[in-house]
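The values are calculated or read from the model by the stated rules, or taken from the named source; none is laboratory data. Computed from a predicted model, the values in this text were never measured in an experiment. Neighbour counts run over all protein chains shown; Cβ positions are idealised from the backbone, glycine included.
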Ligand SMILES: Cc1ncc(COP(=O)(O)O)c(C=O)c1O
């Protein structure tokens with residue numbers, strides 16, 4: 001009997017091919033990344049770490065041939081050690097780090113490991129508040145970490161930038177152990193140097209080291225492509241990221257840091273200098289078990305791809321497409337949070353633009369094969385499950401090769417769908433306009449299928 005799972009995967013291939021993916025945290029991986037993910041490396045247990053000798057610094061041939069003692073708890077690690085060492089080496093080069101932990105299973109795991117490495121239960125962590133654009137893992141009360149640490153949130157200004165005055169005032173008041181810059185819905189480029197200066201003031205006032213952490217899950221690919229500043233170049237100690245968004249790798253997490261790299265077997269002094277070792281201990285055995293070596297191999301493949309000149313061109317194109325799409329939407333009457341974008345993300349104030357909420361718009365766009373997500377806006381008066389906005393972005397459609405002309409088309413379709421939502425007034429009445437939705441859907445499918453999805457024949 002054929003396993004139904006494979007039918008469903010085929011159906012998902014059709015959905016991905018015929019629709020346009022506008023969710024800013026999604027992308028399409030290459031066939032090489034897919035091949036590594038689907039490889040026999042999934043059969044192997046490798047708790048612990050390979051040697052860190054010569055990383056970063058050794059060339060790849062040396063890393064791929066050298067046999068070194070490791071910090072593993074199972075035998076049979078020769079190939080896995082070399083694969084993980086290549087992943088670490090590539091990540092360090094790509095992000096100017098002295099150490100990389102490539103084992104976190106996800107972005108949430110990466111963040112939790114950093115908190116666990118540096119903070120004690122009850123300590124304060126200062127991050128961007130969720131309504132301002134921060135991520136769930138930055139202190140939402142529904143998360144485990146919010147039960148362990150005391151999260152304080154800073155906000156954004158009317159123009160959509162980080163409210164640095166608020167950040168500084170709160171930092172000097174709440175005595176944070178970690179200052180965190182990171183977000184899931186923020187369209188500006190953070191002033192990392194300014195936050196580093198605030199950290200100095202906090203250290204001077206409270207007399208202890210404060211960890212500067214950046215969660216660059218959304219923009220890691222832009223950083224790798226050289227079109228977004230790298231927080232590690234501006235005094236940050238740690239950068240976490242997912243590997244599957246703009247970075248275009250497998251679903252997973254990554255922690256980059258600067259400082260001493262040494263055996264994770266011995267507990268080091270609790271200093272910022274030792275943060276790479278503290279992080280390794282916090283990932284394994286602190287918060288995870290065996291690493292997913294097939295995913296680590298796929299991360300290494302994605303890092304290799306991100307080091308190529310073509311990736312720089314891709315990162316540039318993501319931003320150009322996002323600016324073009326933002327301008328085209330504004331020309332169609334859409335009101336955008338922050339009046340546009342400096343990265344790959346766009347946040348539309350649907351409520352203010354058209355008088356209905358983001359959830360209705362998300363559902364209506366689904367009917368024409370345009371996928372995005374409803375999202376709260378800063379100071380949103382609507383409830384989180386029916387927020388005022390929608391969030392969209394250009395990483396996935398840029399991978400498929402869409403350009404300026406297609407951004408104009410997208411904005412036009414999005415306006416047509418907004419008009420239909422206004423006419424329908426509610427989800428129940430969307431069906432009354434089925435013909436109009438199918439006409440747009442056919443146009444979206446025709447365009448989408450002319451831009452192949454990598455990894456799908
Ligand atoms: C800024 C940020 N951090 C962390 C995460 C969590 O990543 P994951 O879904 O892999 O746990 C996300 C995911 O959207 C994110 O946007």
> Out of all the residues in region 435-442, is one or more modelled with pLDDT of 95 or more and outside any helix (DSSP H, G or I)?
Replying inline: no
> Here are 392, 372, 367, 402: which of them is more than 13 Å from residue 334 (Cβ to Cβ), touching a residue at least 60 places away in the same chain (Cβ under 8 Å) and touching a strand residue (DSSP E or B) at 6+ places or on another chain (Cβ under 9 Å)?
Replying inline: 402
> Has region 36-54 got at least one residue that is under 22 Å from residue 251 (Cα atoms) and within 16 Å of the ligand (Cβ to nearest atom)?
Replying inline: yes
> Would it be correct to say that residue 165 is more than 16 Å from the ligand (Cβ to nearest atom) and surrounded by fewer than 23 Cβ atoms within 10 Å (Cβ to Cβ)?
Replying inline: yes
>> Being at pLDDT 95 or above and either surrounded by fewer than 21 Cβ atoms within 10 Å (Cβ to Cβ) or within 16 Å of the ligand (Cβ to nearest atom) (or both) is the requirement here; does residue 231 meet it?
In response: yes
> Which of the residues that make up region 294-347 are closer than 19 Å to residue 410 by Cα, out of contact with any strand residue (DSSP E or B) (no Cβ under 8 Å at 6 or more places or on another chain) and free of Cβ contacts under 8 Å to residues at least 60 places away in the same chain?
Replying inline: 323, 327
> Do you know which of the residues in region 82-121 that are over 15 Å from residue 254 (Cα atoms) and in a loop (DSSP other than H, G, I, E, B) is nearest to the ligand (Cβ to nearest atom)?
Replying inline: 119
> Just checking, which of 245, 205 is away from the ligand (no atom under 16 Å from the Cβ) and either within 25 Å of residue 165 (Cα to Cα) or buried (at least 19 other Cβ atoms within 10 Å of the Cβ) (or both)?
Replying inline: 205
> What do you reckon, is residue 112 surrounded by 18 or more Cβ atoms within 10 Å (Cβ to Cβ) and within 25 Å of residue 183 (Cβ to Cβ)?
Replying inline: yes
> Quick one: would you say residue 275 is crowded, with 20+ Cβ neighbours inside 10 Å, in a strand (DSSP E or B) and in contact (Cβ under 8 Å) with a residue 12 or more places away in the chain?
Replying inline: no
> Within region 251-272, can you find the residues that are within 30 Å of residue 308 (Cβ to Cβ) and either surrounded by fewer than 24 Cβ atoms within 10 Å (Cβ to Cβ) or not assigned by TED's automatic domain parsing to the domain that holds residue 219 (or both)?
Replying inline: 251, 258, 259, 261
> Could we say that residue 295 is within 27 Å of residue 69 (Cβ to Cβ), within 18 Å of the chain's Cα centre (by Cα) and part of a strand (DSSP E or B) here?
Replying inline: no
